[in-house]
1. Using Cα pairs closer than 8 Å and at least 6 residues apart in sequence, work out the relative contact order for segment 10-73, in percent.
2. What translational diffusion coefficient, in µm²/s and rounded to a whole number, does the Stokes-Einstein relation yield for segment 297-400 at 20 °C and a viscosity of 1.002 mPa s, taking the hydrodynamic radius as the Kirkwood radius over Cα pairs?
3. With r as the distance between the Cβ atoms of residue 161 and residue 3 and R0 = 56 Å, compute the FRET efficiency 1/(1 + (r/R0)^6) and round to 0.05.
4. Straight-line reach from residue 468: which lysines have Cα under 16 Å away, leaving out those fewer than 8 places along the same chain?
5. For segment 12-61, what are the per-bin percents of Cα-Cα distances with bins 10 Å wide, up to the bin holding the maximum?
6. Starting at 0 and stepping by 10 Å, how many percent of the alpha carbon pairs of segment 82-273 end up in each bin?
7. For the cross-link pairs 309/392; 95/475; 95/298; 92/300; 310/426; 253/310, which exceed 19 Å when the distance is taken from alpha carbon to alpha carbon?
8. Could you tell me what percent of the DSSP beta bridges with both partners in segment 82-273 are antiparallel, to the nearest 5?
Amino acid sequence: MEHNHEMLAADQRHLLRSSRNISYVQKSIVESMVNSVITVSNAVFYMINEAQGPQNLNFIRKDAYDYLGRIKKQTKVENGDASALLLPFINKSNKESNFYWNVQLDDDNRVMNFFLRDSRCEADYEFFDETESSFELLFKTFLNSMNGKQPETIFTNQCQAMMNAIETIFPHSHHRLCQWHINQNAPSHLGSLNGDSSFKRLWNKCMTHCESEEEFESTWSIMIDEYNLSGHKWLNGMYTLRYKWATAFSNHKFSAGLLATSRSEVTNAVLKRSRNSAISLYDFVVNYEKIQQSWREKEKAEDTRCHHKKAPTILKNNPMLNSAVDIYTLTVYKLFELEFINSLNMRFIEMPLDFSAVSLDFKVKSHDENSRVVRHVLFNKETTEVKCSCQKFESMGILCKHILMVFNFMNVNYIPKPYSKKRLMKNAKNRVLVDDFCQQESGSGQESEMVFVNQLMRSTYTLTMRCKSNGDARKKLTEIVEGAREQIDEFFEKLKLDDNGIQEENMVDEMVMQDAAKEKDKAHRLPNA
């Protein structure tokens, strides 16, 4: 009979959630005013005056902010916009057999997400592994579109949902955590340690400057013990994930020297500048393709520059540098030349005991007396196979100064083929020209399973959409599909019978051959006539 809470005063009842409802007209007014560069506060203040008091407005300022926040997060899809988006996808997939697209719908059959990838994207991915950080729910679609080829290395932030998805969908990829994001996040967990230069030195060493897993473990123990951090929850969590962010555990995997997601962040920024809240899906795709084409034109210009211009070498007649100039792009050559220069600042501290052996073990070190790092270089005289403990080639794809020093000593005056990574060479793009790629695929006469599935699904989808508005057409298409199913069942049944028949024939042939062999063996055992 009595309320279990205090009643609100009459002038406060309009603040109850059940009493608030921003109408369609009010939403339109707020949105129009904000689009006219009027602040939300001023827009609501104006509407309060027009309603002669806040109690007559039926919503508060928070409701206006919430509404504008929702429409900002949602992509506006006008009537017919989704259809306009799908039509060019279908047309392009008909013309380009390897064009891949997919659309995700919500429970009300409204477009939520869409994905597209053309032949050039697949070809680029084939020769240049991606380091994207924001696939999230699109990981599976991305993997399907790339014929199941998993990326070699993936950089992401510490989104747990993303990390879980990568473990499930990309189990064979090397997952790395972005060091920039970690360092941005660290100050909120480290408190007073943020101002301690000695702690920062140890932390940075653990991040990127430990030469081995053993050195990382030693440095981490020193850091934890000196600052009594054994119970620090965030640092303990980071230690558990050390294989994903510390370079000491990652140098054996190729990453092109990347430590962060900066490459994809730049790409995201460019794409964000190409859109606004009012742009349609179709216009967004058109803008995306224009940006993609612009990138490819720049790439083509750089390829042309590499083919028609030779980088000047510091030693004109040096065969190793001449070999590198002929192989590498201009940018990669400069990196290689720097390693070559630095190799001149190295010295042997221990030579192999027996030079007649096939496998030789060199120990090298910088001329800098303060240098503590000793590198082991294993060299095979017969195959010129080489491996350095710094693992620069494994992570960067470029021979390190330690190996170049050993090569010079052993009179290896060229870059052995196994150490010329195709992704870094001038002619890498020759194999991924769009026209050649498409012609080779269409002329081969052998479609991949994915291409077959894509083409047939597009054709079926087109027929279904064409027949959906006519009852007779729907009935006709259903009959055709059912007939096709029966024919396919008969085909596989016949195939099964043929296979069984072949197996039976093979068994009979094998039995005949066995009998003949027995007779022959029996004849050999009979005494001479």
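Read the figures in this text as sums done on the coordinates, not as results from a lab. Please read all numbers here as calculations on a predicted model, not as lab measurements. So basically every Cβ, Gly included, is an ideal-geometry build from the backbone, and we count neighbours across all protein chains shown.
1. Details: 46 pairs, mean separation 26.8, N = 64.
Reported as a whole number, the value is 42 percent.
2. On the way: Rh = 15.9 Å.
Stokes-Einstein gives a translational diffusion coefficient of 135 µm²/s.
3. 0.85
4. 476
5. Each 10 Å bin holds this share of Cα pairs: 27, 56, 16, 1.
6. 8, 29, 29, 18, 10, 5, 1
7. Those over the limit are 309/392; 95/475; 95/298; 92/300; 253/310.
8. 60 percent
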